[in-house]
Each structure stands twice: as C-alpha cells, then as structure tokens.
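The values are calculated or read from the model by the stated rules, or taken from the named source; none is laboratory data. Model, not experiment: these values are computed from the prediction. Here the Cβ positions follow ideal geometry from the backbone for every residue, glycine too, while neighbour counts run over all protein chains shown.
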Amino acid sequence: MTPLAADIGQKLKRRGRWSALEIAFWIVAFASIWLLPQKHLILTETAILALFALSLDLILGYAGIISLGQAAFFGTAGYFAGLVAKHGIIDEPVLALICSGLVAAALGFITSFLVLRGSDLTRLMVTLGVSLMLGELANRYSDITGGADGLQGVTVAPVLGRFEFDMFGHTGYTYCLIVLFVCFLIARRLVYSPFGLSLRAIKGNALRSGAVGIPVNARLVAIYTVSAFFAGIAGALLTQTTAFCSLDVLSLERSADLLLVLIIGGTGYLYGGLIGAVIYKFMQDWIATLTPQYWQFWIGLLLVAIVLVGRDRMAAWHQAARAALGRLGARTIKWRPALGAAGAAPGGR
Amino acid sequence: MAILETIGLAKRFGGIVAAADVTLAIQQGARHALIGPNGAGKTTVINLLTGVLRPTAGRILLHGRDITALDRYQRVRLGMARTFQINALFLDLTPLEAIALAVSERLGLGTDWWRLVGSKGAVADEVAEIVERFHLADVMEARTATLPYGKQRLLEIALAFACRPRVLLLDEPAAGVPEAERHELLATIAALPADVTVLLIEHDMDLVFSFADRISVLVNGALFVDGTPEDVARDPRVKAVYLGEELDA
C-alpha cells in the first residue's frame with residue numbers, strides 16, 4: 001500500500017469516527033436517567049419523537065425523499081403493538097417492538113414504489129395520501145382499533161419479563177432511550193457506509209449516480225423500508241409506554257410536526273432529529289405552562305422565524321457546529337498515534 | 001473486433017429525427033471520435049448508448065451482447081461509462097468521496113451498510129491510483145462545488161474511469177476549459193490506458209485529429225462518413241458540410 005493510499009484510507013474512514021462531542025451527547029442523555037427522574041414522562045415522549053425524526057432524516061436528509069406521511073408507519077406499528085399486547089399474542093415488549101417495526105417496514109417496502117417517481121410535490125402528496133387512507137381505515141374498523149375512543153385495555157407486560165412499566169415513566173424512559181440508542185447506532189453505521197454514501201450521491205445527482213453504476217431505485221426502496229422500520233419502532237414505543245393508542249398516531253399533524261422538528265434541528269447529520277426533538281418538546285412544555293391554550297401560536301411563530309432566517313443561515317450554523325465537532329474529533333485522533341509512535345518521524349513527504 | 005456496435009439506431013422526438021439509422025462499430029482499443037456540426041445528434045447517440053434515452057428503433061451491442069433494454073447502471077457494470085458535456089458531479093461530496101463511491105460500487109460494496117467507506121484496502125488503493133492519474137490529490141478534500149472548472153472536468157473523467165470501463169465515452173471533455181488548465185486535461189486524456197476503448201465527442205478539431213485513429217461524422221442524425229483521420233480530412237463532402245465551416249470560421 002502506497003503512503004497516499006494509506007492516507008486516503010484514513011481520510012475516508014475519518015468521517016465515521018466518533019467525536020468527543022458525540023460521546024458527550026450520549027453521556028448526558030444516559031445521565032438524565034438518574035439526574036432528571038421527575039422529567040421522565042416528557043423525556044420518554046422526547047426520545048420517541050427523536051427516533052421518529054431520525055427515521056425521517058434517513059430519507060430526507062440522506063436520500064432527499066420528502067415525506068408528509070411518516071405517520072403511516074408510526075401509526076400502523078403503534079396499533080400493531082397495541083393489538084398484540086391487548087390480545088396477548090406477543091407477551092414480551094421487545095419482541096413485540098421488533099415485530100411492529102417489521103410490519104411498518106413491510107408497509108414501507110410496498111409503498112416505496114409509489115415514491116420512486118415524481119417530484120418533491122408528488123412525493124408529498126403520495127405519502128400524505130397513504131397516511132390519510134390508513135387513518136380513515138383505522139377510523140372505519142373501530143371494532144378492531146377502538147375508532148375515535150382509541151384502543152382501550154392495552155396491558156404491556158414487563159420488559160424482558162423483568163422490568164415492569166411504572167406510572168412515573170422510569171422504566172419507560174430507560175427502555176425508550178436504550179432503543180433510541182441502538183437504532184441510532186444502526187443508522188450511524190448505515191450512513192457512513194458505502195451504502196450511505198450512495199444515498200448522499202443520489203440526493204445530490206441521481207442522473208450521475210446511475211452513470212457510476214448505482215441502481216438508484218433499488219437504493220431508494222431500501223432506505224425507505226429502513227426508515228419505515230425506525231418510524232414503526234417509534235410508534236410501537238409510544239403505545240407500549242402509554243398503554244394506549246388513538247387515531248392521532250396516524251394524523252397529518254404528526255407527520256407535519258416531524259418536519260418541524262427536523263427544520264429546527266437540521267437534516268443530514270443524524271443529530272438534527274435528536275436535538276430538534278429536545279428543543280421542540282421542551283419548548284412546547286415551557287410555552288404550554290405560560291399559555292396553556294395558545295401554545296401553538298408560538299410554535300407557528302417559531303416556524304415562520306426559522307424559515308425567514310433562512311435555510312442557508314441555519315445550514316451555516318450547523319456547518320460551524322459540525323466543524324467544531326470535527327476539530328474536537330481530530331484532536332482526539334491526533335493524540336492516539338502521537339502516544340503510540342512518540343518520536344517516530346512523520347511519514348514520507 | 002468491435003467492442004461496441006449500433007445497428008440501425010434511431011431516435012425520434014415527435015416529428016424531429018435526432019438520430020436516424022446509425023450503424024457504427026467501435027473497435028477494441030480504438031480512439032474513436034464522433035464529430036459533426038451542432039445539433040447533429042452526437043449527444044443523442046451517447047444518451048442512447050448509455051441508456052439515458054430509449055431508442056425508437058435499432059439495437060446496441062456491447063461485446064456482442066444486446067444491451068438495448070438494459071438500465072443505465074447495468075451498462076456501467078458491463079463495462080461502459082461516460083462523462084457529461086455539462087458537468088454532472090456530486091457537488092456536496094469531495095472528490096475523494098465521489099471516487100470512493102464509484103470504486104466501491106464497482107467492487108460490489110454498494111449494498112455494504114455496516115462497514116465504513118474505505119475500510120477495504122482495495123478501495124483506498126484504487127482511489128489513490130485514480131487521484132494521482134487525474135491530478136486531483138491537491139483538491140481531494142475540497143467540496144466539489146468549490147473546485148476550479150478544469151479540476152471539475154478532470155473529476156468528470158475520473159468518475160467515469162473509476163468504473164473501470166472497457167469503453168469510455170467522453171462527451172466534449174475539453175469544453176469550456178480555460179487555456180491555462182487545458183494542457184493538464186489533454187495530457188490526462190492522451191495518457192488513458194491503451195486497453196480502454198475511447199469514444200470521443202469533440203468540437204475542437206486539434207484535439208480530434210491529434211487523438212483519434214478513427215473518425216465518424218454525424219450530420220442531421222445520420223452517419224455521413226466513417227474512416228481514418230486522413231480519409232475524413234480529405235473527403236470533400238466533409239469539408240463542405242463540416243470542416244469547411246470550421247476552417248472558415
């Protein structure tokens with residue numbers, strides 16, 4: 001291997017290294033289990049919203065597929081998790097969670113063929129249409145779903161047969177955070193892999209992607225399916241932690257809120273959904289205590305402000321944050337060889 | 001032996017004939033140029049060859065295999081890659097990432113979703129070779145959008161070359177490159193490995209006649225003359241419709 005090839009190998013892999021800031025983020029997240037016990041209920045909602053937003057970021061931020069129908073997967077898996085728990089079909093939450101995700105993934109796979117063609121507007125309408133249809137189906141078959149009253153009588157068994165859900169949300173939050181972390185790890189591997197790189201290429205230039213040998217449609221189907229899986233996991237978590245599921249899991253608002261979360265947090269670097277969810281949830285909570293009835297006014301104002309400030313400026317902030325992240329990361333990388341090969345002359349040129 | 005053949009290839013857009021009955025054979029290892037006045041249908045032929053457009057009639061054979069119905073990416077995998085007349089690059093990626101992407105796809109790693117890009121030594125080796133061949137080492141970590149135009153043109157060819165094509169289609173590779181950056185580009189094109197067959201579309205007659213060992217002239221979508229550079233230069237009909245116009249200009 002030539003020095004240039006070795007250097008290039010390092011440079012290619014560097015993007016996927018964990019930076020100090022990322023590690024700190026997760027330490028803080030897990031520390032909240034012990035440090036903020038009184039906030040566990042809202043933190044549970046935040047973790048679920050974060051996972052849901054992560055699922056949208058995978059298709060929007062990486063593959064460039066805009067969607068107003070992510071709730072279709074969230075809601076379908078939510079009802080599935082509720083029904084299997086209610087009727088005692090799958091008694092263990094983790095297993096039920098994975099099965100719910102797979103059901104959502106199957107739905108994602110089938111509907112992915114609808115979003116392959118067409119412009120952004122077409123995709124918005126198609127994804128919105130699918131979730132509207134599912135919402136009405138859930139409404140129509142109220143004997144199964146409970147209709148407008150919601151799915152009653154769901155009892156969720158202890159996680160792994162040991163950890164029982166409690167009314168303060170301690171178990172629920174720990175459970176959700178671990179699931180979020182595992183899903184994040186998978187998503188992180190995925191976006192820094194050759195597969196993830198091909199998604200970024202398709203987002204940037206689909207014509208050229210085909211010309212370097214990428215089967216564009218197959219890749220879009222794959223990521224849409226994965227995204228549906230994560231969205232489904234999020235929906236199932238909501239049902240399991242609240243022991244309830246109602247029609248609003250399939251609503252347009254749920255999909256629209258998700259776009260808002262990603263606009264706040266930014267797309268295409270995985271943490272956007274997580275940071276956006278924290279800001280959104282806690283701002284909602286804070287504003288709601290000030291003006292319980294009219295909190296959406298302030299959310300609306302924020303949305304207008306963000307859009308007026310402009311995507312470019314937002315992107316510049318994210319860029320600056322990422323650069324800071326990168327510098328920290330680079331520093332930790334520099335240490336290691338320096339410790340190992342102290343005194344050794346730096347290579348070649 | 002012909003590595004790439006078209007048989008009666010035609011493309012009509014409504015009433016407009018963009019390509020009519022083009023029967024062309026590109027020999028293995030050739031340096032074949034396709035020339036013709038503006039609007040003669042040169043880019044249409046490239047788009048038909050690579051699958052961007054579907055022909056109205058006719059067939060395309062690569063190594064004797066009929067590829068007329070294949071998708072774009074499948075033709076790339078069978079060994080035919082192209083560049084674009086107007087840059088079609090991944091503006092948000094670095095040259096390093098873009099080349100690593102093409103190399104990974106060729107090595108069949110495109111569905112690998114678990115390992116980091118470049119964790120296979122073979123990828124880094126090949127990316128290094130391409131970065132050097134196309135003089136991109138000094139800009140390999142810059143965002144593609146920020147590269148000087150000449151470097152972008154080099155990357156345009158590098159991306160096609162990274163697919164390890166046996167047939168490389170160059171669509172006006174030197175178009176719009178400023179004089180100062182031109183030499184590096186032309187030298188790189190001249191230094192392409194001899195076993196790679198090249199089909200070149202170009203307006204620059206100096207480049208065509210210094211590079212090509214065979215020239216096909218396309219006029220109004222139809223093949224007009226096909227021969228060695230000497231034949232073509234001497235042909236009075238070519239002078240009349242094409243070279244004359246160039247020489248007078």
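Looking at this structure, is A:THR155 under 25 Å from the mean Cα position of the chain (by Cα) and away from chain B (no Cβ under 14 Å)? No: the conditions fail for A:THR155. Pairs are defined by a Cβ separation below 8 Å, a sequence spacing of at least 6 or placement on different chains, a first member in the stretch A:270-290 that is on the phi < 0 side of the Ramachandran plot, and a second member that is not in a helix (DSSP H, G or I); the pairs so defined are A:GLY272/A:GLY266; A:ILE275/A:GLY266; A:GLY276/A:GLY266. Of all positions in the stretch A:143-156, at least one carries a residue that is buried (at least 17 other Cβ atoms within 10 Å of the Cβ) and part of a strand (DSSP E or B).
In this structure, does B:ASP66 turn out to be more than 7 Å from chain A (Cβ to nearest Cβ), of a type in the set (D, E, K, R) and either under 29 Å from B:ASP138 (Cα atoms) or in contact with a strand residue (DSSP E or B) (Cβ under 9 Å, 6 or more places away or on another chain) (or both)? Spelling it out, B:ASP66 is indeed more than 7 Å from chain A (Cβ to nearest Cβ), of a type in the set (D, E, K, R) and either under 29 Å from B:ASP138 (Cα atoms) or in contact with a strand residue (DSSP E or B) (Cβ under 9 Å, 6 or more places away or on another chain) (or both). Does the stretch B:156-163 contain any residue that is more than 7 Å from chain A (Cβ to nearest Cβ), surrounded by fewer than 23 Cβ atoms within 10 Å (Cβ to Cβ) and touching a Pro at 6+ places or on another chain (Cβ under 8 Å)? Checking the stretch B:156-163: at least one residue is more than 7 Å from chain A (Cβ to nearest Cβ), surrounded by fewer than 23 Cβ atoms within 10 Å (Cβ to Cβ) and touching a Pro at 6+ places or on another chain (Cβ under 8 Å).
Matching residues to (1) acidic (Asp, Glu); (2) farther than 23 Å from A:PHE109 by Cβ:
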{"site": "A:VAL226", "(1), (2)": "no, no"}
{"site": "A:THR241", "(1), (2)": "no, yes"}
{"site": "A:ASP248", "(1), (2)": "yes, yes"}
{"site": "A:LEU274", "(1), (2)": "no, yes"}
{"site": "A:ALA277", "(1), (2)": "no, yes"}
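State the number of residues belonging to the stretch A:1-23 that are more than 18 Å from A:ALA47 (Cβ to Cβ) and away from chain B (no Cβ under 14 Å). So the count comes out to 4. Can you say whether B:LEU207 is closer than 19 Å to B:ASN87 by Cα and either surrounded by 15 or more Cβ atoms within 10 Å (Cβ to Cβ) or at pLDDT 95 or above (or both), as far as the supplied structure shows? Considered against the rule, which asks whether it is closer than 19 Å to B:ASN87 by Cα and either surrounded by 15 or more Cβ atoms within 10 Å (Cβ to Cβ) or at pLDDT 95 or above (or both), B:LEU207 comes out as no. Of the helices (runs of 4 or more DSSP H) that lie entirely inside the stretch A:1-103, those containing 1 or more residues that are modelled with pLDDT of 95 or more span A:20-35, A:40-57, A:71-86. A single entry from B:VAL123, B:VAL127, B:VAL131, B:VAL167 fulfils the requirement of being among the β-branched types (Val, Ile, Thr), more than 10 Å from chain A (Cβ to nearest Cβ) and crowded, with 20+ Cβ neighbours inside 10 Å: B:VAL167. Could you identify the single residue in A:ALA187, A:ALA206 that is small (Gly, Ala, Ser), closer than 17 Å to A:LEU49 by Cβ and within 12 Å of another protein chain (Cβ to nearest Cβ)? Testing whether each residue is small (Gly, Ala, Ser), closer than 17 Å to A:LEU49 by Cβ and within 12 Å of another protein chain (Cβ to nearest Cβ) leaves just A:ALA187.
Residue by residue, here is whether (1) under 15 Å from the mean Cα position of the chain (by Cα); (2) of a type in the set (D, E, K, R); (3) within 19 Å of B:ILE201 (Cα to Cα) holds:
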| position | (1), (2), (3) |
| --- | --- |
| B:LEU96 | no, no, no |
| B:LEU101 | no, no, no |
| B:GLY108 | no, no, no |
| B:THR111 | no, no, no |
| B:SER119 | no, no, no |
| B:ALA124 | no, no, no |
| B:ALA145 | no, no, no |
| B:ALA158 | yes, no, yes |
| B:GLU184 | no, yes, yes |
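Residues that are within 12 Å of chain A (Cβ to nearest Cβ) and not β-branched (Val, Ile, Thr): does the stretch B:35-50 have at least one? Checked the stretch B:35-50: at least one residue is within 12 Å of chain A (Cβ to nearest Cβ) and not β-branched (Val, Ile, Thr).
With the structure loaded, tell me whether B:ARG106 is touching a strand residue (DSSP E or B) at 6+ places or on another chain (Cβ under 7 Å), surrounded by 17 or more Cβ atoms within 10 Å (Cβ to Cβ) and at the interface with chain A (Cβ under 7 Å from one of its Cβ atoms) or whether it fails that test. So B:ARG106 fails the test. Looking across the stretch A:251-277, the residues that are among the hydrophobic types (A, V, I, L, M, F, W, C) and within 23 Å of A:TYR192 (Cβ to Cβ) come down to A:VAL261, A:LEU262, A:LEU270, A:LEU274, A:ILE275, A:ALA277.
Based on this model, can you work out whether B:ALA142 counts as at pLDDT below 95, more than 7 Å from chain A (Cβ to nearest Cβ) and either over 19 Å from A:ARG189 (Cβ atoms) or not in a loop (DSSP other than H, G, I, E, B) (or both)?
No.
Go through the residues of the stretch A:9-17 one by one and say whether even a single one is in contact (Cβ under 8 Å) with a residue 60 or more places away in the chain, farther than 30 Å from B:VAL131 by Cα and of a type in the set (D, E, K, R). So far as the stretch A:9-17 goes, no, none of its residues is in contact (Cβ under 8 Å) with a residue 60 or more places away in the chain, farther than 30 Å from B:VAL131 by Cα and of a type in the set (D, E, K, R). Filter the stretch B:75-87 down to the residues that are within 7 Å of another protein chain (Cβ to nearest Cβ) and surrounded by fewer than 20 Cβ atoms within 10 Å (Cβ to Cβ) and list them by number. The answer is B:ARG77, and nothing else. Do we find that A:ILE89 is over 20 Å from the mean Cα position of the chain (by Cα) and within 14 Å of chain B (Cβ to nearest Cβ) in this structure? In short, no.
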